[in-house]
Every structure is written in C-alpha cells, then in structure tokens.
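Data block below; observations after.
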Amino acid sequence: MRANEFIIEVNDRSPSALNLVDTLEEIRSRTDQIRVDSLVNLVRRKPGSEMFNVDILMDLFKNNNTVKNMISDIKRDRYDIGQIYLKNLAQSDDIVSEPEKPEFDSNKSDLGSNFDPQKTISTMAKRAAKKRI
C-alpha cells in the first residue's frame, strides 16, 4: 500500500479542496442548502477525492477562504441531520464577472457569415467523386 492512501493532505490546492469548490459551485446555482452526507458523497465521486469526509469538509470550512465565501453555515436541523447552507452569488464575497455574450444576428446562420449551402454541397460532391476514382 502507498503512504498517500493513509495520509490525507488537505490544503488549498489538494484535489479534495478543488473538487469541493467545483461541487459547491454546481450546487449553489441550483439550491441554497444541501445535506452534509450528500455533499460528501458528491465530492467523493470525483477523481482524487475518494478519501473526502466530514472532517476534511469542516477543516476546509474553517481554513479555506474560497470555501468560507461559498458556505454561510453548517448546522444540524431539527431531525439532527447536518445541513450546509450556501451563500447565493449576491451574498458571496467573490467577484464574478459575467462572460460577454456574442451578439446574435438572425440574418446570419449559426455557421458564420461565410456559409453558403450550395458551395458546401458542391465541395462535398467533388470530394466524394475523387474517392470513387
């Protein structure tokens, strides 16, 4: 067995931390809370995070600023089930810029302004004829 199977190293660049941030970003766009065990299972599914557990989650929540900016609170609900409450994008301290959307012109096709169907078909026919010979 390898030593890294027993030693769990958690820092800002560890696969577990990066996979947790990716998973939180995916979840944050859909909901504002998730069960702790569900989040742990989602992170474990990603390669490099097979050893992820609640202790690592709590350590990252306390020490990692990115995770702190994404999670507002971790506490138990009335049924004694651990819940993670996520910050929405407006509450988060992260500055997220929206990517620029390309302008869409309904007069042009999706394939670009130089798209000519007759020329394309002609080129395809010539290419097929060359292969037959």
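A few comments on the model shown:
- In segment 52-78, residue surrounded by the fewest Cβ atoms within 10 Å (Cβ to Cβ) [restricted to those that are touching a residue at least 24 places away in the same chain (Cβ under 8 Å) and in contact with a Lys or Arg (Cβ under 8 Å, 6 or more places away or on another chain)]: Asn69
- Filter pass, Ile81 being at pLDDT 85 or above, farther than 14 Å from Val21 by Cα, out of contact with any Leu (no Cβ under 6 Å at 6 or more places or on another chain) and surrounded by 10 or more Cβ atoms within 10 Å (Cβ to Cβ): no
- Subset of segment 37-51 [in a helix (DSSP H, G or I), touching a residue at least 12 places away in the same chain (Cβ under 8 Å) and either within 18 Å of the chain's Cα centre (by Cα) or more than 19 Å from Gly82 (Cα to Cα) (or both)]: Leu39, Val40, Leu42, Val43
The values are calculated or read from the model by the stated rules, or taken from the named source; none is laboratory data. If you're wondering where the values come from, they're calculated on a predicted model, not measured in any experiment. Glycine gets a Cβ as well: all are built from the backbone with ideal geometry, and neighbour counts include every protein chain shown.
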